[in-house]
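Engineer: Provided herewith is a single structure, encoded as structure tokens, for subsequent inquiry.
The values are calculated or read from the model by the stated rules, or taken from the named source; none is laboratory data. Computed from a predicted model, the values in this text were never measured in an experiment. All Cβ positions, even for glycine, are placed from backbone atoms using ideal geometry, and neighbour counts span all protein chains on display. To get the accessible areas, we keep the full protein, side chains included, count just its heavy atoms, and leave off ligands, DNA and RNA. Shrake-Rupley method; radii C 1.70, N 1.55, O 1.52, S 1.80 Å.
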Amino acid sequence: MPADRPIATRSGIDAARIAELREAEAAVFRKARPKSEARIGNGIEGFFGGVPMHWMNDWPTPFPILVESAKSARITDIDGNALDDFCLGDTGSMFGHSPPPVARAIRRQAARGLTYMLPSEDALGLGRLLEAHFGLPFWQIATTATDANRFALRVARAVTGRDTILVFNGCYHGAADETMVRLRDGKPINRPGLAGEFRDLTVRTKIVEFNDIPALEAALADKDVACVITEPVLTNSCMVLPEQGFHATLRDLTRKAGTLLLIDETHTISSGPGGYTKAFGLEPDLFVLGKPVAGGVPASVWGMSGAVADRYAAYNRTKEPGYSGMGTTLSANPLQFATMKATLEEVMTEENYAHMTRLAMRLDAGLTAVIDRFGLPWHVARVGARVEFICAPGPLKNGDEAESAHAPELEAAIHVALVNRGALIAPFHNMMLVSPATKARQVDRLISAFADVAAKISV
Ligand SMILES: Cc1ncc(COP(=O)(O)O)c(C=O)c1O
């Protein structure tokens, strides 16, 4: 690395080199996609911002990849460029694109109707199947993890009679408004960037740093918190793993304070067929899982312990009649039943997870070796089949550290460079998922591509 250039970030890479890489890789991306650029280079007509969903503009490529098809762990654009897909729809396709049992279930159900607000036979064993995977006895089905979180938080407030919740700094639980709080210089604020938010969300939401037991204890001391909502591992900034004993203490403190514990497994389902909860013996009162639970068909689940279910039933007997504020029309439809059953029974198997974890460990080791070889001050974090390279030293302790570990320009340049070398990783925080369909050779190609990019920026 030339000594005369300024170090732009904690990543150890200077800003000028990052800019050079980004520009060069953008040109390569464009050259390989003439048809795509003609069709989508100026956005898609009729959509605000040129895309059907604003996140599609957040990819660091010069324009979004215009997908022709995706199968297993490969995605192909309309110019015929095929990529090894490690983004996998940011977890929605964590089990690969159109897993065969899910595709079969879709075909079967397509002939029988798609939504009727009534159960089908596939629903009959589903509750017990969810219990067998995740341990909680009572379930409801929703369509997004956002909604599942919203509904579970409603139940938590209803049964405790408390109106406040607690989140950890750096969390993301979907578009559930009450979780949109951040710490800035140690003070709670509404998450920056929220559109149209006129409430002070910090009034009803307490926030402390992950892994900070004294702060958690203090925040729960007034016994006014209905529920702590957390991912077992913070995955929505740079990855933060729980410190030894954190979860046991969290459970202990919440029980003492009469506070419920909601574990959101939407991303940490990468840990195993029972999520991080089963793998590490967590004991949540409420449980949420969305994204891949129906193999890519929009669906989510939220579960309750027996004790919470009893309290909720008692609450319902006394509450004023009327809409609970929970439920959306297309939720719990027969397509969800069919595809969720196929996913839980045939896709989320021990065998598939063994494959995913083995290859994720191979990816972790390979990326770490590259980082070491080039002497980069970076690290790799992993939770089961979910791997991240973080362009800053680690391990990270909390949301604040995770935020400052970000190197947005560098991450963007690497992302496009990897695409140009045949690998698609998530557009946010260098995240990579290994699916049951992912092959060892795809992992090895990603490691080589990463080494090639590291060589370019480390010179
Ligand atoms: C932990 C967690 N919970 C909930 C959600 C929201 O999921 P959805 O976008 O399906 O509502 C996300 C999305 O990334 C998430 O990471």
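Engineer: I'd like to know if the stretch 337-348 contains one or more residues that are over 22 Å from the mean Cα position of the chain (by Cα) and without any contact (Cβ under 8 Å) to a residue 60 or more places away in the chain.
Structural biologist: no
Engineer: Right, another one. Among (1) open to solvent by 10 Å² or more (accessible area, probe 1.4 Å); (2) on the phi > 0 side of the Ramachandran plot, which single condition is Gly272 missing?
Structural biologist: Unmet condition: (1).
Engineer: Just for the stretch 244-268: of the residues that are within 10 Å of the ligand (Cβ to nearest atom) and of a type in the set (Ser, Thr, Tyr), which one is nearest to the chain's Cα centre (by Cα)?
Structural biologist: Filtering the stretch 244-268 for residues that are within 10 Å of the ligand (Cβ to nearest atom) and of a type in the set (Ser, Thr, Tyr), the one nearest to the chain's Cα centre (by Cα) comes out as Thr266.
Engineer: Identify the single condition in (1) free of Cβ contacts under 8 Å to residues at least 12 places away in the same chain; (2) of a type outside the set (D, E, K, R); (3) touching a strand residue (DSSP E or B) at 6+ places or on another chain (Cβ under 6 Å) that Cys238 does not satisfy, given that it satisfies every other one.
Structural biologist: All conditions pass for Cys238, except number (1).
Engineer: Another question, if that's okay. Return the total of residues in the stretch 294-316 being in contact with an Asp or Glu (Cβ under 6 Å, 6 or more places away or on another chain) and open to solvent by less than 10 Å² (accessible area, probe 1.4 Å).
Structural biologist: 1
Engineer: So in the stretch 176-218, with the set limited to residues that are small (Gly, Ala, Ser) and open to solvent by 50 Å² or more (accessible area, probe 1.4 Å), which one is nearest to Asn236 (Cα to Cα)?
Structural biologist: Among those that are small (Gly, Ala, Ser) and open to solvent by 50 Å² or more (accessible area, probe 1.4 Å), it is Gly193.
Engineer: Which of the residues that make up the stretch 161-195 are part of a loop (DSSP other than H, G, I, E, B) and either more than 16 Å from the ligand (Cβ to nearest atom) or more than 23 Å from Pro242 (Cβ to Cβ) (or both)?
Structural biologist: Gly161, Arg162, Asp163, Ala175, Asp185, Gly186, Pro192, Gly193, Leu194, Ala195
Engineer: Just for the stretch 275-286: of the residues that are more than 12 Å from the ligand (Cβ to nearest atom) and surrounded by 24 or more Cβ atoms within 10 Å (Cβ to Cβ), which one is farthest from Arg150 (Cα to Cα)?
Structural biologist: Top of the filtered list is Thr277.
Engineer: Filter the stretch 196-213 down to residues that are touching a helix residue (DSSP H, G or I) at 6+ places or on another chain (Cβ under 8 Å) and among the polar types (S, T, N, Q) and give me whichever is nearest to the ligand (Cβ to nearest atom).
Structural biologist: The selected residue is Thr205.
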